[in-house]
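Presented below is the structure to which this report refers.
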Amino acid sequence: MNDFHYRNNELWCEEVPLKAIARKVGTPTYVYSRHTLERHFSVFDEAFEKIDHLVCFAVKSNSNVAILRIFAREGGGVDIVSGGELYRALQAGVDPGKVVYSGVGKRVDEIEFALEAGILLFNVESLQELEVIDACAGRLGKKAPIALRVNPDVDPQTHPYISTGLKENKFGINVKKSLEAYRQARNLPNVEIKGVSCHIGSQLTKISPFVDALKRLKRLVSLLRKEGIRIRYLDLGGGLGITYREEEPPHPSDYARAIIKTAKDLDVTFIFEPGRVIVGNAGILLTKVLYTKTNDDKRFIVVDAGMNDLIRPSLYSSYHGIQPVLKSRRETATADVVGPICESGDYLAKGRDLPLFERNELMAVMSAGAYGFTMSSNYNSRPRAAEVLVDGNRISVIRKRETYRDLVRGERIPEFLSE
Ligand SMILES: *Cc1c(COP(=O)(O)O)cnc(C)c1O
């Protein structure tokens, strides 16, 4: 369920027609619904109300500070993967005591920043990283709260690029080696073992891989406790999928029921790191048709958003729904929706049966709230899109459209080229 809907054949977000946003802010523009964001967050959070838990929104899926503020107001924490994401979270007013930090390549300066901020948990992905964190904490006179990110070797049955919990993936510490790793961690003077964590992949549409991963982590927790290692937190990561097309992912309450049942009397505080399931269907990319053309009998709709704005179709062959902002009775035909970028891989939709869009017409690329703007770039020197948050009948530009000046900010011509 989301708050993008047709009213008299016109697409609206909450109480605002998308046409009005295009008129005011231009295109391409990401549009998010505050109401959908809040509802998705609370549905997920409330699904686990029977157990101790903390929902840490995955910042990489949508990192706008206004979006982060929405979840902070709801009492949520965040999952970060860089110093930049920590900076954003703090700007947004997220409680540092609710921040968990994942990622295989944490730099020393990033680790120090997180220690100074006082985050809840480092999810440590290698023994070398563990030693570096220990050394950083020692230098700063702090104790680093850690969990080891275990790679449970379960198949999430998703796209290979977003599968992270198989032993051939770069993430985490092999579950078979993790007990030994915890023994080493225990001997380090400046780290405090707080928990275990995993994250097995993204856009999962089945519950069983999560349950399998949890079972493996449970076994590990009981082995650790036998050795006197206290485990307070169990971080199950994110990864719950959404409907882009015809997928039927489990509802968060079904997911929660299975997790709660499997957890049984495991005495821990659960941490979840959902990203896509919260923001994916809470946002769209609003774009305008620049041209239509046919090459032989192939139809193309050229729009003003490209792979630099939304790379998921090019990168993962992902499906995003395409909707006209103004619906009208008209013929349909098979067409590709493509952007202005000089790459054949620059498309938003391929081989779709679509209404005969016309020049200057507005189009909505659906389900673009997650991994949309955050993966955008300036390729082809295209200023990045604006972002707008809708709240009832109010709109707010939460990120200005970039300008040409923004494009060259930080660049300079060296003196020796003026000689
Ligand atoms: C990407 C990521 C998430 C979020 O995944 P979603 O599929 O968007 O829920 C959570 N935790 C970690 C460690 C991640 O890398």
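The values are calculated or read from the model by the stated rules, or taken from the named source; none is laboratory data. Just so you know, these numbers come straight off a predicted model, no measurement behind them. Cβ placement follows ideal geometry from the backbone for every residue including glycine, while neighbour counts extend to all protein chains displayed.
Brief remarks follow.
- Candidate set: the range 60-82, residues that are part of a helix (DSSP H, G or I) and near the ligand (Cβ under 9 Å from one of its atoms); chosen: the one surrounded by the most Cβ atoms within 10 Å (Cβ to Cβ): S61
- Set L217, L224: member being within 19 Å of L121 (Cα to Cα), surrounded by 14 or more Cβ atoms within 10 Å (Cβ to Cβ) and away from the ligand (no atom under 16 Å from the Cβ): L224
- Unmet requirement for L188, which otherwise passes all of (1) in a loop (DSSP other than H, G, I, E, B); (2) within 16 Å of the ligand (Cβ to nearest atom): (2)
- Considering the conditions (1) within 16 Å of the ligand (Cβ to nearest atom); (2) surrounded by fewer than 16 Cβ atoms within 10 Å (Cβ to Cβ); (3) among the aromatic types (F, W, Y), F48 is excluded by exactly one of them, (2).
- Selection of the range 312-348 for residues being touching a Pro at 6+ places or on another chain (Cβ under 7 Å) and surrounded by 18 or more Cβ atoms within 10 Å (Cβ to Cβ) yields H320, P324, Y347, L348.
- The selection criterion, being in contact with a Ser or Thr (Cβ under 7 Å, 6 or more places away or on another chain) and closer than 21 Å to C56 by Cα, does not hold for V196.
- For K98: the one exception among (1) more than 16 Å from the ligand (Cβ to nearest atom); (2) within 20 Å of F71 (Cα to Cα); (3) among the basic types (K, R): (1)
Matching residues to (1) acidic (D, E); (2) free of Cβ contacts under 8 Å to residues at least 60 places away in the same chain; (3) touching a helix residue (DSSP H, G or I) at 6+ places or on another chain (Cβ under 6 Å):
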| position | (1), (2), (3) |
| --- | --- |
| P249 | no, yes, no |
| P252 | no, no, yes |
| I271 | no, no, no |
| N281 | no, no, no |
| T292 | no, no, no |
| P313 | no, yes, no |
| S318 | no, no, yes |
| I341 | no, yes, yes |
| P355 | no, yes, no |
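- The range 174-185 - residue that is surrounded by fewer than 21 Cβ atoms within 10 Å (Cβ to Cβ) and not in a helix (DSSP H, G or I) and, of those, nearest to the ligand (Cβ to nearest atom): N174
- Restricting the range 46-62 to residues that are touching a residue at least 60 places away in the same chain (Cβ under 8 Å) and out of contact with any strand residue (DSSP E or B) (no Cβ under 9 Å at 6 or more places or on another chain) leaves a set whose member that is farthest from I260 (Cα to Cα) is S61.
- Looking at I301, I278, just one residue is closer than 30 Å to G75 by Cβ and either within 16 Å of the ligand (Cβ to nearest atom) or assigned to a strand (DSSP E or B) (or both), and that residue is I278.
- Per-region count, the range 1-45, residues acidic (D, E), touching a strand residue (DSSP E or B) at 6+ places or on another chain (Cβ under 9 Å) and closer than 14 Å to G283 by Cβ: 2
- Residue in the range 35-54 that is closer than 24 Å to K194 by Cα and assigned to a strand (DSSP E or B) present: yes
- When residues in the range 191-214 are screened for being more than 11 Å from the ligand (Cβ to nearest atom) and either in contact with a His (Cβ under 8 Å, 6 or more places away or on another chain) or over 30 Å from S318 (Cα atoms) (or both), 6 of them pass.
Yes or no, residue by residue, for (1) at negative phi; (2) at pLDDT below 95; (3) of a type in the set (K, R):
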{"position": "F113", "(1), (2), (3)": "yes, no, no"}
{"position": "L130", "(1), (2), (3)": "yes, no, no"}
{"position": "A144", "(1), (2), (3)": "yes, no, no"}
{"position": "R149", "(1), (2), (3)": "yes, no, yes"}
{"position": "P152", "(1), (2), (3)": "yes, yes, no"}
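- Tally of residues being within 16 Å of the ligand (Cβ to nearest atom) and β-branched (V, I, T) across the range 228-275: 4
- With respect to the conditions (1) part of a loop (DSSP other than H, G, I, E, B); (2) within 19 Å of the chain's Cα centre (by Cα), K167 lacks only one, and its number is (2).
- Within the range 221-243, residues that are polar (S, T, N, Q) sit with their Cβ atoms under 9 Å from residues that are more than 14 Å from the ligand (Cβ to nearest atom) and not in a helix (DSSP H, G or I), at 6+ positions apart or across chains, in these pairs: S222/L266.
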